[in-house]
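The values are calculated or read from the model by the stated rules, or taken from the named source; none is laboratory data. Please read these numbers as outputs of a predicted model, since none were measured by experiment. Here Cβ is always computed from backbone atoms with ideal geometry, including for glycine, and neighbour counts include all displayed protein chains. The protein model used for the area step is the full one, side chains on, heavy atoms only, and it has no ligands, DNA or RNA in it. Shrake-Rupley method; radii C 1.70, N 1.55, O 1.52, S 1.80 Å.
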Amino acid sequence: MKTRVHNKMCWSRALISCWTLLLVQLLCLEAVPISMDKTKVKEPEKTPEEPPASVDTGLHYDRYLREVIDFLEKDQHFREKLHNTDMEDIKQGKLAKELDFVSHHVRTKLDELKRQEVNRLRTLIKAKQDLEGGNDIAVDHQALLKQFEYLNHMNPHTFEVDDLDRLIKSATKDLENYDKERHDEFKRYEMMKEHDRREHLKTLDEDERKKEEEHYEEMKKKHADHPKVNHPGSQNQLKEVWEEADGLDPEDFDPKTFFNLHDTNGDGFFDEQELEALFTKELEKIYDPTNEEDDMVEMEEERLRMREHVMNEVDSNKDRLVSLDEFLVATKKKEFLEPDSWETLEQNQAYTDEEMREFEEHLAQQEQDLNLKAFDLQKQRDELERQQEQLNAQKIELQQAVEHMERLKSQKVEPPPEVHVEGNAVPEMHAFDNQQHYEQEAQPQGHEPAHHAPQDTLQEHHEQPVEVLAQQGLPQTHQDLPPGHQEAAQGQHNLP
C-alpha cells in the first residue's frame, strides 16, 4: 500500500550506508593517530530515530488508515509479522489474524480510533443531510454506514480482526482505482478546455477567429519545442539526476548508491512520491510555469504517467512499492540500458474525437436541463411575487379598514345617560311637566308664572319631531313609557 504497509525495520539501511561512506573517507585521510584515554571519553547520547512520516494516500479515510498502521507497528509481534508477510498474503487477510496477539494497550488505542472514525462518519452523514434540506427526517445511521466498507459498522465500539481485514482490502482496491480516477478527471479537464476554446471562437468575427487560431497553433509548436525527454526509469534518466541533482560524476553511477540517496525516508523502498520526485528534471524540460503555452495541470498528469510506467516495469509483486532488490533487477534489463523514446502528452492526446463528441453532447444536454430548471424556478418566483403582491394588497385594505373604524369611533357623539325607571317613578321629562302643572294650579289667577318658559315654547317642545326626540334619547310615544305611566302622561296632555 501507498503508506508502506511493508516493514519499516529497514529505516537504518540508509544510515548504515552513509556511515560506511564516511568511514572510508576518514580512512583515506593522512592523519597522525593520537592516543586517547578511552576511560575519559564520554560517549555521545544516542537520540532515538523518528519513524518516517506517512504519505497521504488521497483516500477519504487516509488519516484513519495511517493512524491504525502507526499504532500496529508499535507492537513488536505485529511488526515482525509484517516484516515477514508477503503482500499477497496481506491482501488475502492472513496478516489481519495476527491482531489477536497484539498487546492490550495497542488494542485499546485501536478501539478509540475506530470510535472516533465512526463519529466522524456520522457527522459527515448529518452534515450532508443538512445540506440537502432534510433536517426533519430521521437518520438511519446504521444503514448509511454500510457504504463505508473499510470498517465493520455493526460494531462501532471495538477494533476487531474483521476491521483490519476490511481496511486492508478496501485500501488496496481504492488505491488501484485511484490512478484511473485521476486519469478520467484529467481527460474531462482537457475536453472542457477544448470545448471552451471552441465556444470562444464562435463569439469572434472571421478576422479575430483567424488570429486566434494562428496564436493557438503557435503556442502548440512552442510547447513541443523542448529538449529530448529521457525514458522514465532508464539509465540515461537516472544518470541525469545523479549528475544534476546529486552533483556526482555520471561515470561513477551506482544503482545501489542511487537508491539509498533517494530513499528519502530510509525505509528501504521507493514509494510513489519518491519515484515521482525523480522525474522533476525531465518535467522541467517540458513545462515552465512562466510560459503561456505550458499548463501545470498537464505537467502533473505527465508526472503520473511516468510513475505508472516505472511501477509497471519494476514493481514485480504489485505492492505499489519498489524495493531495493526490485530496483537492482530492473537496472540489469535491456529496457533500462537501451530504452525506447518517451512520448509526451502532446504526442498522445488524452481523448479521442468520439469521446469529445459525446462530451459536448453531454454538456448540451446538461445545459438544456439547467435551462428548463431555470425556467421552472423563474415561474415559481413569479408566482411567489404575485402571491406576495396579493398579500400586500390585503394588508393595505385591512389597515385602511382599521383606520376607518378608528375615525368612526373618534367622531361618534356620546348619548346622554340613560334614566333607569323603577316602580311608579315618572321619567325625568314628564316629572318636570307635572311640576309645572301643579305650580300653575297653586298660583292665583291673573298672575304669570315667573321663571317659566312661554306656552309657545312648551308647545313647541311637545311638538318636536319624533326623530329629534329619538336622537335625544327621550320617549317618542306613550307606548314607549314604562307601564303605569302611560295614563298619567295621557292625563297631562288633556289638561287645559
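So here's what we get for this one:
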| read-out | value |
| --- | --- |
| For GLU346: the one exception among (1) open to solvent by 90 Å² or more (accessible area, probe 1.4 Å); (2) under 30 Å from ASP294 (Cβ atoms); (3) not in a loop (DSSP other than H, G, I, E, B) | (1) |
| Per-region count, the stretch 171-189, residues surrounded by fewer than 17 Cβ atoms within 10 Å (Cβ to Cβ), among the acidic types (Asp, Glu) and farther than 14 Å from GLU355 by Cα | 2 |
| LEU363 vs. criteria assigned to a helix (DSSP H, G or I), on the phi < 0 side of the Ramachandran plot and free of Cβ contacts under 8 Å to residues at least 24 places away in the same chain | no |
| Inter-residue pairs, beta-carbon under 8 Å, first in contact (Cβ under 8 Å) with a residue 40 or more places away in the chain and in the stretch 92-121, second open to solvent by 90 Å² or more (accessible area, probe 1.4 Å) and in a helix (DSSP H, G or I), 6+ apart | GLY93/LYS169 |
| Members of the stretch 274-294 found to be touching a residue at least 24 places away in the same chain (Cβ under 8 Å) and open to solvent by less than 40 Å² (accessible area, probe 1.4 Å), listed by number | LEU275, GLU276, LEU278, PHE279, GLU282, ILE286, GLU293, ASP294 |
| Pairs with Cβ under 8 Å, 6+ apart, first in the stretch 60-83 and of a type in the set (A, V, I, L, M, F, W, C) and part of a helix (DSSP H, G or I), second modelled with pLDDT of 80 or more and open to solvent by 60 Å² or more (accessible area, probe 1.4 Å) | LEU72/ARG79; PHE78/PHE101 |
| Which listed residue is without any contact (Cβ under 8 Å) to a residue 60 or more places away in the chain and under 20 Å from ASP184 (Cβ atoms), from LEU345, LEU391, LEU377 | LEU345 |
| Conditions (1) in contact (Cβ under 8 Å) with a residue 40 or more places away in the chain; (2) closer than 30 Å to LEU321 by Cα; (3) in contact with a helix residue (DSSP H, G or I) (Cβ under 6 Å, 6 or more places away or on another chain): number failed by HIS226 | (2) |
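Yes/no per residue for (1) more than 24 Å from LEU99 (Cα to Cα); (2) in a loop (DSSP other than H, G, I, E, B); (3) modelled with pLDDT under 75; (4) open to solvent by less than 60 Å² (accessible area, probe 1.4 Å):
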residue	(1), (2), (3), (4)
GLN116	no, no, no, no
ILE125	yes, no, yes, yes
ASN135	yes, yes, yes, no
VAL139	yes, yes, yes, yes
GLN142	yes, no, yes, no
TYR150	no, yes, no, yes
MET154	no, yes, no, no
HIS157	no, yes, no, no
